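**Q** Sharing a structure, written as structure tokens. Questions coming.
The values are calculated or read from the model by the stated rules, or taken from the named source; none is laboratory data. Note that this is a predicted model, so its numbers are computed, not measured. Note that each Cβ is placed from the backbone with ideal geometry, even for glycine, and that neighbours are counted across all protein chains shown.
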Amino acid sequence: MSKSNEKGVSPVIGVILMVALTVVMAAIVASFTAGLGKVTRTAPTANLVVEDGNSTLRKTGTINLIQITHKGGDPIYIKDTEIKIALKKAPDKIETGHWNCSSVNDGIFSVGEICQINVSMNNFTTVNTAGDVFTVMIVHKPTNQLILDADVFCE
């Protein structure tokens, strides 16, 4: 073999490696711009039990305190939630609720903890009676997904 044939091998391999590197980098950039590399956020999944707080439903026919127990699943960041209360027979009347979690010091509702939701009754005072059903919804604000959609019965 002559030395003149060996000199051409190194530049050819260099060009092939540069082209391969360019193709790989273009694929990475394309995947991120097309959304394939995008990180998506999902709502937490939790087993929450909803019940009347202080038995106000049974005594007065009004709902102003709802107790929620976290039985399992993901922790819930309270600041990332919105609470909505609706009366089944008057679904256009929706109230917002506010967390009252003295047992949750870090703002994270975790397994085994119990929280209460204070509910303003402005829209419900003339329509709620024994037998009414209220729907409690907890919405994860960053994703707009439901964490909880449960019914509380007025006895």
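**Q** Which pairs have Cβ atoms under 9 Å, sit 6 or more apart or on different chains, and link a residue in segment 7-28 that is on the phi < 0 side of the Ramachandran plot to one that is surrounded by 10 or more Cβ atoms within 10 Å (Cβ to Cβ) and modelled with pLDDT under 90?
**A** Ile28/Gly37
**Q** I've got another one for you. Evaluate the following for Asp92: is it farther than 21 Å from Thr42 by Cβ and at pLDDT 85 or above? Explain how you work it out, then say what you get.
**A** Values: farther than 21 Å from Thr42 by Cβ: yes; at pLDDT 85 or above: no.
No, not satisfied.
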